[in-house]
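The values are calculated or read from the model by the stated rules, or taken from the named source; none is laboratory data. Note that the structure is a prediction, hence the values are computed from the model and not measured. All Cβ positions, glycine included, derive from the backbone under ideal geometry; neighbour counts span all protein chains shown. For the accessible areas, the whole protein counts, side chains as well, though only heavy atoms, and no ligand, DNA or RNA atoms are used. Shrake-Rupley method; radii C 1.70, N 1.55, O 1.52, S 1.80 Å.
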Amino acid sequence: MKPKRLSKVAKELNVGIATVVEFLAECDIEIDGKPNTKIPEEGYKVLLQKYATKEEYSIYENKIEEANFTPIQDEVLDVVDEPEEIFIKDTSERSREPIAEVVEEVVEEVVEEVVEEVSELIEEAKEVVEEVAEPVEAKEEPVEATTEAVAAEEEEEEEEEEEEEEEEEEEEEEEEEE
């Protein structure tokens, strides 16, 4: 069989020229991307295996057995053609009751739960208020003791400063002697 032109093969297989060139490059068959470039027989066979339907491929080569050849297109179509049906059946007893009765029951249950929670919170709040309301005994310190403590701290700070100044003077004298 003689080689076919790139544009003709792309049109025959219903794919783009760039797609054909890229696929052949992946298969280590290098060709130019020009429409008039001729595709070797080996490249044409690979393209048919990838993009052709069973009928197109069997026309090209009758030697391939149908069982061994399943193009990707046919597999996708088989999956898409079979829709699934799903049935959902409500078997609960409530499904037979009128909607208003069901809603009323649910509302009553929720209201009861909320009332219980609010009652518990109110009791907790009362306990906290009682604890806070208990008289707090204030501790009074004599003013004299506080004043004496402040004065003692000031004296200690002054003594520390004087000691630091004396140490600095001694260090300066030692440096001058050297």
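Restricting the range 34-53 to residues that are at pLDDT 90 or above and not hydrophobic (A, V, I, L, M, F, W, C) leaves a set whose member that is surrounded by the fewest Cβ atoms within 10 Å (Cβ to Cβ) is N36. For the range 14-33, filtering for residues that are within 14 Å of P3 (Cβ to Cβ) and either open to solvent by 40 Å² or more (accessible area, probe 1.4 Å) or aromatic (F, W, Y) (or both) leaves 1.
Close contacts from the range 120-134, counting a first residue that is exposed (fewer than 10 other Cβ atoms within 10 Å of the Cβ) and a second that is of a type in the set (A, V, I, L, M, F, W, C), with Cβ to Cβ under 7 Å and a gap of 6+ residues or different chains, come to none at all. Give me a count of the residues in the range 4-13 that are open to solvent by 70 Å² or more (accessible area, probe 1.4 Å) and outside any strand (DSSP E or B). Here the count works out to 2.
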